[in-house]
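Read through the structure below, which is laid out as structure tokens, and then see the notes.
The values are calculated or read from the model by the stated rules, or taken from the named source; none is laboratory data. Predicted model only: the values in this text are computed from it and were never measured. With ideal geometry, Cβ positions are generated from the backbone for all residues, glycine too; neighbour counts draw on all protein chains shown.
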Amino acid sequence: MRCPFCGNEDTQVKDSRPTEDSSAIRRRRFCPGCGARFTTFERVQLRELTVVKSTGAREPFDRDKLLRSMRIALRKRPVDADRLERVINSLVRQLESSGESEIPSKQIGEMVMITLQTLDPVAYIRYASVYKDFREAADFHQFVDQLAPEPTND
């Protein structure tokens, strides 16, 4: 493993242990070149996934990109990092076990929307505002109105 600080290719593993949900191996590493310590994670990958963009462009699936987008939506929301990690692992497993190696970006976006809707309603609206390309306040209003249950006249 290459050191992210100095680029030395000869780093040493000092400690290895499974993550809390046993979905990855956490390794603490040491670089003898610069003395830096850093952590890496090793995960099982069932298949190489390719994301097909709406433009037709293809790019390798990036788990970290999915994690970043959900973290942005969940910023300052009461969802802890472990729960988010489990949700991401679940989404990636669903994609890998779908049987398809090429996944449309729209399908990934819809899966994230469904997940966030049950995880945190504010994060769901935040993500939807980017995913559905809200242009003005009325777009938010219309979207939220669709979410709110109709008042009952009892």
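Any idea which of Asp80, Asp145, Asp139 is closer than 29 Å to Glu42 by Cβ and not small (Gly, Ala, Ser)? Spell out how you get there, then give the answer.
Details: Asp145 fails: closer than 29 Å to Glu42 by Cβ; Asp139 fails: closer than 29 Å to Glu42 by Cβ.
That would be Asp80, the only listed residue that is closer than 29 Å to Glu42 by Cβ and not small (Gly, Ala, Ser).
Residues Ile88, Ile103: which one is farther than 23 Å from Thr19 by Cα, modelled with pLDDT of 90 or more and of a type in the set (Val, Ile, Thr)?
Working: Ile88 fails: farther than 23 Å from Thr19 by Cα.
Exactly one residue qualifies, and that residue is Ile103.
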Taking Asp10 as meeting all but one of (1) of a type in the set (D, E, K, R); (2) modelled with pLDDT of 90 or more; (3) surrounded by 11 or more Cβ atoms within 10 Å (Cβ to Cβ), write down the number of the exception. (3)
